[in-house]
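Worksheet for the structure shown next.
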Amino acid sequence: MTVLITERLLLRDWTDSPADLDRIFDIYSRDEVVRWLGVASGLPLTEPAQAADRLAFWRDRHADHGDRYGTWAMQERRTGLVVGSLLLKPLPGPDESVPTDDIEVGWHLHPDSWGHGYATEAARAVLAREFATGTREVYAVVSPGNEPSMAVARRLGMTHVGQRTDWYGGELLETFVRRADD
């Protein structure tokens, strides 16, 4: 299902097609991608069959959200290439099992797609849609040292509010916030 269309991208649900599962494996098996995902369990993927498990994890996590929240494929409209994932979801609390009322936007791109503005373009569209629902603020949380992702957050007009340990089991994260009225 298509969630959003931007100038260059189609944001859609990941599917269990062989092409999508291959791309999930290709992205989430790469050390240069997953090293920034902190305590994410099950990463990096080490066998192609694990891509189906990752997809099932995302589907379970978002089962009650309709299309408001999700982990979506970012697909280049011109070529059809999936460049990465964009997520919008409630942040997990310190115990990691109970979601908070805080909303997170995030992005994970294939290294071949870094530096093209895809994360900024997709996140900007998702933020606009989320603010239209009445949400007052959205966070981006970034592993310390991940300068490219921090640059994306700044390009989105997000304000750095320091390092926090409120989410993801108390992991120390650089925290950015964008308010609806910014």
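Points worth noting:
- Of the candidates Arg129, Arg178, Arg136, the single residue that is under 16 Å from Asp101 (Cα atoms) and surrounded by fewer than 17 Cβ atoms within 10 Å (Cβ to Cβ) is Arg136.
- Any hit, segment 80-89, residues being free of Cβ contacts under 8 Å to residues at least 40 places away in the same chain, more than 23 Å from Ser29 (Cα to Cα) and assigned to a loop (DSSP other than H, G, I, E, B): no
- Just one residue in the set Asp31, Asp22 is within 14 Å of Gly84 (Cα to Cα), of a type in the set (Asp, Glu) and more than 15 Å from the chain's Cα centre (by Cα); that residue is Asp22.
- Residue, modelled with the highest pLDDT, within segment 51-65, restricted to residues that are assigned to a loop (DSSP other than H, G, I, E, B) and under 16 Å from the mean Cα position of the chain (by Cα): His62
- Yes/no for Arg68 being at pLDDT 95 or above and of a type in the set (D, E, K, R): no
- Selection status of Leu172, of a type in the set (A, V, I, L, M, F, W, C), open to solvent by 10 Å² or more (accessible area, probe 1.4 Å) and within 24 Å of Glu32 (Cα to Cα): yes
- Pairs where the first residue, in segment 21-50, is farther than 15 Å from Ser143 by Cβ and the second is open to solvent by less than 40 Å² (accessible area, probe 1.4 Å) and among the β-branched types (Val, Ile, Thr), C-beta under 8 Å, 6+ apart: Arg23/Val82; Ile27/Val33; Tyr28/Val34; Leu45/Ile24
- Picking from residues in segment 66-119 that are surrounded by 13 or more Cβ atoms within 10 Å (Cβ to Cβ) and over 15 Å from the mean Cα position of the chain (by Cα), the one that is farthest from Asp20 (Cα to Cα) is Pro94.
- Residue-level check: of (1) open to solvent by less than 40 Å² (accessible area, probe 1.4 Å); (2) in a loop (DSSP other than H, G, I, E, B), Pro48 misses just (1).
- Selection of segment 112-141 for residues being touching a Ser or Thr at 6+ places or on another chain (Cβ under 6 Å) and in contact (Cβ under 8 Å) with a residue 60 or more places away in the chain yields Glu121, Ala125.
The values are calculated or read from the model by the stated rules, or taken from the named source; none is laboratory data. Please read all numbers here as calculations on a predicted model, not as lab measurements. In this analysis, Cβ positions are derived from the backbone assuming ideal geometry, glycine residues included, and neighbour counts consider all displayed protein chains. Note: accessible area is taken over every heavy atom of the protein model, side chains too, but ligands, DNA and RNA are not part of it. Shrake-Rupley method; radii C 1.70, N 1.55, O 1.52, S 1.80 Å.
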